[in-house]
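Data first, discussion second: the structure below is written as structure tokens.
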Amino acid sequence: SDHALEYPASPDAMDWSPHYPAFAGTGKTPEFADVGCGFGGLLIALAPLYPDTIMLGMEIRVQVSQYVQDRIEALRATSALEAPPSETVSTPGPYQNVSIVRANAMKFFPNYFPKASLSAVFFLFPDPHFKARKHKARIISPTLLAEYAYALKPGGIVYTITDVKDLHDWMRTHLEEFPLFEPVSEEALREEGRGPILDAVYRSTEEGKKVERNKGQKWLACFRRLEVKRE
Ligand code: SAM
């Protein structure tokens, strides 16, 4: 239950330095949030591509979040061996920019992320909760969208992908109806240079790979956080 988890009372109370020791003192906070990150495939794929962007996964399952934490520690350790820190290089080593918290994102997302701090939020292959009476358990809802919109910078992107058509329609409809988001096409995002992110969204996660093995279809829907509410 949530009682076993420790949450910061507010984003100000969060000390990120144990998560990102190489960035301690820089004042940097997470800019990418992977909600329900599972085994961490997206974060691990993106970390080396955007070494100066701090990324955080949120995962509710104990063993899974522990697995991701161990995975990141191992990657940091091996990369440190492969490339010993050089005095001339000022960028932190690989995977220093990625971490995970075990957290119920549906309840505590706002405890971690201050206003307008995120440039990307990912909902990749979220649990579908098929039955209508379970829809309130879905990770996208009008209430939760208000929290995601608050934490996103204007211009920031929400990425959603799923192999469940009904869930795709649900996420897309709620995002379309929310006045602080506008749909943005895959082509537009690629033109803006976000192709590597989209490729990782499609293919890097464990669930995405499973869907691929089963030759399932993937539905992508992306949205941009607006500066002001649209009419
Ligand atoms: N995004 C990953 C991927 O594409 O491989 C994982 C997809 S998996 C189907 C959904 C994940 O969301 C599970 O690992 C689950 O434990 C996690 N999850 C479900 N509800 C959550 C919540 N309220 N807070 C954080 N994580 C949650």
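The table that follows gives values for the structure above.
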item: Residue in the range 167-183 that is within 14 Å of the ligand (Cβ to nearest atom), within 30 Å of TRP16 (Cα to Cα) and of a type outside the set (A, V, I, L, M) present; result: no
item: Residue satisfying condition, being within 19 Å of the chain's Cα centre (by Cα) and under 25 Å from GLU231 (Cβ atoms), within set LEU175, LEU167; result: LEU175
item: Test result for GLY38, modelled with pLDDT under 95 and either surrounded by 10 or more Cβ atoms within 10 Å (Cβ to Cβ) or outside any helix (DSSP H, G or I) (or both); result: no
item: Test: residue in the range 70-83 that is aliphatic (A, V, I, L, M), touching a Phe, Trp or Tyr at 6+ places or on another chain (Cβ under 7 Å) and in contact (Cβ under 8 Å) with a residue 24 or more places away in the chain; result: yes
item: Condition broken by VAL62, with the remaining ones in (1) in contact (Cβ under 8 Å) with a residue 40 or more places away in the chain; (2) more than 10 Å from the ligand (Cβ to nearest atom); (3) on the phi < 0 side of the Ramachandran plot satisfied; result: (2)
item: Failed condition for ARG213, given (1) of a type in the set (Lys, Arg); (2) within 16 Å of the ligand (Cβ to nearest atom); (3) under 19 Å from PHE109 (Cα atoms); result: (3)
item: Restricting the range 119-158 to residues that are within 16 Å of the ligand (Cβ to nearest atom) and at positive phi, the residue that is surrounded by the fewest Cβ atoms within 10 Å (Cβ to Cβ); result: HIS129
item: Check on TYR112, touching a strand residue (DSSP E or B) at 6+ places or on another chain (Cβ under 9 Å) and either polar (S, T, N, Q) or more than 9 Å from the ligand (Cβ to nearest atom) (or both); result: yes
item: Subset of the range 102-115 (residues that are more than 24 Å from LEU220 (Cα to Cα) and either in a helix (DSSP H, G or I) or free of Cβ contacts under 8 Å to residues at least 60 places away in the same chain (or both)); result: LYS107, PHE108, PRO110, ASN111, TYR112, LYS115
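Quick grid of which residues meet (1) farther than 21 Å from GLY41 by Cα; (2) in contact (Cβ under 8 Å) with a residue 60 or more places away in the chain:
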| site | (1), (2) |
| --- | --- |
| HIS129 | yes, no |
| HIS135 | yes, no |
| LEU152 | yes, yes |
| GLU176 | yes, no |
| ALA188 | yes, no |
| SER204 | no, yes |
| ARG213 | no, no |
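The values are calculated or read from the model by the stated rules, or taken from the named source; none is laboratory data. All values derive from a computational prediction rather than experimental measurement. Cβ coordinates were reconstructed from backbone atoms using ideal geometry, including for glycine residues, and neighbour counts include every protein chain displayed.
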